[in-house]
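S.K.: The structure under discussion is supplied below as structure tokens; questions concerning it will follow.
Where a number appears in this text, it was derived from the coordinates with a stated rule and is not lab data. Small disclaimer: the values here were computed from a predicted structure and weren't measured. Cβ sites come from the backbone with ideal geometry, for glycine too, and all protein chains shown count toward neighbours.
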Amino acid sequence: MNKRSFHTVILIVCVLLVVGLRLIDPDKLGFQLFGFKWPMHCLLRHAFGTRCALCGMTHSLCATARGDISQALKYHLLGPALFGFIIFEIIYRMWAIAVSPKRVGWIIRKLHSGLIVLIIIAIFVNWILYLGGRLI
């Protein structure tokens, strides 16, 4: 797969993700999409009674996609930031496709990689703080 195809696939996935997050209607038992219920539960929470690093993230992303940031922050503190990163991915991939076959500048690549690492670290720091009793 060449770089342009790779960027196109990631772009399509991110756009479908944003559209899907806008269409999904989450509730306590799972999700509803086009009138169909999709049960979804955190196995770690049900097995051990503790939240995983991403518990509440889907609800948070759905709330962010609807523009309800305060509710999104109640579900997961990093949901709006991750949603912002998905939007950044869409812009980044469109730009990468536009400049292809030229190489994307190293500053942009480093910024992109740094954002990915920062999001992953923030998710785990948030989880550690939650497990330590500092966050709800």
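S.K.: Could you give the length gained on full extension between Phe88 and Val104, defined as 0.36 nm per residue of separation minus the Cα-Cα distance, in nm?
M.R.: Here the segment from Phe88 to Val104 would lengthen by 4.3 nm.
S.K.: With θ set to phi - 60°, apply the Karplus curve 6.51 cos²θ - 1.76 cosθ + 1.60 along region 59-74 and write out the HN-Hα couplings as whole Hz, x wherever there is a Gly or Pro.
M.R.: With the stated coefficients, region 59-74 comes to 4, 5, 5, 5, 5, 5, 4, 8, x, 9, 5, 4, 5, 4, 5, 5 Hz.
S.K.: Let me ask something additional. Quick check on the chain: helices-only [θ] at 222 nm, where DSSP H runs of length 4 and up contribute -39,500 (n - 2.57) each and the sum goes over total residues. Nearest 500, please. Spell out each step's value before the answer.
M.R.: Numbers: 6 runs with 90 residues, N = 136.
Computed ellipticity for the chain at 222 nm equals -21500 deg cm²/dmol.
S.K.: By what distance, in whole Å, do the Cα atoms of the chain stretch along each of the three principal axes, largest value first?
M.R.: Cα spread of the chain along its principal axes, largest to smallest: 50, 38, 28 Å.
S.K.: Please report Phe6, Phe36, Phe48 as a ranked list, fewest other C-beta atoms within 10 angstrom at the top and most at the bottom.
M.R.: Ascending Cβ contact count within 10 Å gives the list Phe36, Phe48, Phe6.
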